[in-house]
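Notes to accompany the following structure.
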Amino acid sequence: MKKSTMIVIALVAIAAIWGISAYNGLVKMDEGVNTAWSNVENQYQRRLDLVPNLVATVKGFASHESEVFTQVAEARSQAGGVMQLSSDVIDDPEALAKFQQAQNSLGGALQRLLSVTENYPQLQANQNFMALQDELEGTENRIATERMRFNETVQEYNKYIRSFPKNIIANMNGFEKKAYFTSTDEAKTAPKVEF
């Protein structure tokens, strides 16, 4: 066998090993994004599960606040419908924006519900309500943390698939850039605080 043939075979073998390694890295990072997304969904589901208990507790004290209860119920229903999306939502920026909008709507409705409770001192002293409010606050913190972790994971994935020469393997195998969670327009303005 000629020396040049052996060199070509060695180069092909090295390229094949590198290609397999790069592909496996892409799969690993894609799975990391899917796992991070599942953690985000988990926390949103946790919030969704807390809402009926919170509403039922507040209803017992503030039954005439029906408009707020209706808004919360509608927002929960909308968010619940969006929760049925598959993990393909992270591959579609429009679907992710729709998911985010539904979750933001529920978050806004919950804020209105909690602001109504300020008018009911006996509700604020209720242990069940306080426990639910603490759970909701903890869940909101977990949601923020998981969204941040998701964005970090997506950033690493997007950098990886766009880096040369891994972008060649990524393009050949259909690995596409993922969308980030972004802030809403409402989050860009400071809320009014009135005493």
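The values are calculated or read from the model by the stated rules, or taken from the named source; none is laboratory data. Just so you know, these numbers come straight off a predicted model, no measurement behind them. We place every Cβ from the backbone using ideal geometry, glycine too, and count neighbours over all the protein chains shown. With ligands, DNA and RNA removed, areas are computed over all heavy atoms of the protein, side chains included. Shrake-Rupley method; radii C 1.70, N 1.55, O 1.52, S 1.80 Å.
For segment 55-63, state whether one or more residues are surrounded by fewer than 11 Cβ atoms within 10 Å (Cβ to Cβ) and modelled with pLDDT under 75.
Keep residues of segment 55-63 that are surrounded by fewer than 11 Cβ atoms within 10 Å (Cβ to Cβ), which gives 63.
The next check asks that each one be modelled with pLDDT under 75; those that pass are 63.
Looking for residues that are surrounded by fewer than 11 Cβ atoms within 10 Å (Cβ to Cβ) and modelled with pLDDT under 75, one finds at least one in segment 55-63, hence yes.
Residue-by-condition table, conditions (1) within 18 Å of residue 111 (Cβ to Cβ); (2) part of a loop (DSSP other than H, G, I, E, B); (3) modelled with pLDDT of 70 or more:
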| position | (1), (2), (3) |
| --- | --- |
| 21 | no, no, yes |
| 34 | no, no, yes |
| 44 | yes, no, yes |
| 52 | yes, no, yes |
| 67 | yes, no, no |
| 99 | no, no, yes |
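Give me the pairs: first residue in segment 90-102 and of a type in the set (Lys, Arg), second residue surrounded by 18 or more Cβ atoms within 10 Å (Cβ to Cβ), beta-carbon distance under 8 Å, and six or more apart or on different chains, which are they?
98/82
A quick yes/no check of all residues on (1) at pLDDT below 75; (2) surrounded by 15 or more Cβ atoms within 10 Å (Cβ to Cβ); (3) within 22 Å of residue 43 (Cα to Cα):
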| residue | (1), (2), (3) |
| --- | --- |
| 80 | yes, yes, yes |
| 121 | yes, no, no |
| 128 | yes, no, yes |
| 155 | no, no, yes |
| 171 | no, no, no |
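Test residue 88 against the stated conditions and say whether it is modelled with pLDDT under 80 and open to solvent by 80 Å² or more (accessible area, probe 1.4 Å). It would help to see each step written out before you state the result.
On the way: modelled with pLDDT under 80: yes; open to solvent by 80 Å² or more (accessible area, probe 1.4 Å): yes.
Considered against the rule, which asks whether it is modelled with pLDDT under 80 and open to solvent by 80 Å² or more (accessible area, probe 1.4 Å), residue 88 comes out as yes.
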